[in-house]
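Okay, so here's the structure we're looking at.
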Amino acid sequence: MITFKTKINFFDCDPAGILFYGNIFFFCHSAYEELISSFKLKINYWQNDEFVVPIIKSTADYLKPFKYGDELTIEVCTTELRKSSFELNYKCCNQSGDVCAEVSTVHVLIDKKTWQKKELTPEIKDGLRHHLKSN
């Protein structure tokens, strides 16, 4: 599990000072980038000639509002690991430790030349396995 912390800025909010619903994905993607950075990959995950890793599904459950000035802590872990895809779960908490949102994303590794699914590289698979949530 990786923990990512940030603060809710006013520009992240709607006019009522509540986090705009779509912006939770922005913060979760930042946590995802932290997770991938922890792998210490030899190839640049984000920009290379071999593959891309698009998100093919995302969901969010909003349990409590995040407000302007709140400290946001996101815990991200791998919940499913398949041959060419994986699922991540993000637990998003406020400064009191209340879970305010839960997000999940499904990612698939795609070959840049054929645009077909490609098996996860051993390095990526190992990194994801290291953060696999135990049941």
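Each reported figure results from applying straightforward, stated rules to the coordinates on display, with no laboratory input. Note that the coordinates shown come from a computational prediction; the quantities given were computed from them, not determined experimentally. Heads up, the Cβs are rebuilt from the backbone with ideal geometry, glycines too, and the neighbour counts pull from every protein chain shown.
Out of all the residues in segment 1-17, which are surrounded by fewer than 16 Cβ atoms within 10 Å (Cβ to Cβ) and touching a residue at least 24 places away in the same chain (Cβ under 8 Å)? First the steps, then the outcome.
Taking segment 1-17 first, the residues surrounded by fewer than 16 Cβ atoms within 10 Å (Cβ to Cβ) are 1, 3, 5-7, 9-11, 14-17.
Within segment 1-17, M1, T3, K5, T6, K7, N9, F10, G17 meet the criteria.
Assess whether E75 counts as being out of contact with any His (no Cβ under 7 Å at 6 or more places or on another chain), within 18 Å of H130 (Cβ to Cβ) and not β-branched (V, I, T). Quick ask: steps written out before the conclusion?
Numbers: out of contact with any His (no Cβ under 7 Å at 6 or more places or on another chain): yes; within 18 Å of H130 (Cβ to Cβ): yes; not β-branched (V, I, T): yes.
Considered against the rule, which asks whether it is out of contact with any His (no Cβ under 7 Å at 6 or more places or on another chain), within 18 Å of H130 (Cβ to Cβ) and not β-branched (V, I, T), E75 comes out as yes.
Scanning segment 59-78 for residues that are of a type in the set (S, T, N, Q) and surrounded by 15 or more Cβ atoms within 10 Å (Cβ to Cβ) turns up T73, T78. Checked against the criterion of being touching a Gly at 6+ places or on another chain (Cβ under 7 Å) and of a type outside the set (G, A, S), the candidates Y68, Y45 yield just one match: Y68. Taking segment 41-73 as the range and being of a type in the set (A, V, I, L, M), farther than 30 Å from P15 by Cβ and not in a loop (DSSP other than H, G, I, E, B) as the test, the residues that pass are V52, I56. In this structure, is L88 within 16 Å of the chain's Cα centre (by Cα) and either under 14 Å from A31 (Cα atoms) or surrounded by 13 or more Cβ atoms within 10 Å (Cβ to Cβ) (or both)? Yes, satisfied.
When segment 95-135 is filtered for residues that are surrounded by 16 or more Cβ atoms within 10 Å (Cβ to Cβ), of a type outside the set (A, V, I, L, M, F, W, C), farther than 18 Å from E33 by Cβ and over 17 Å from the mean Cα position of the chain (by Cα), only K118 remains.
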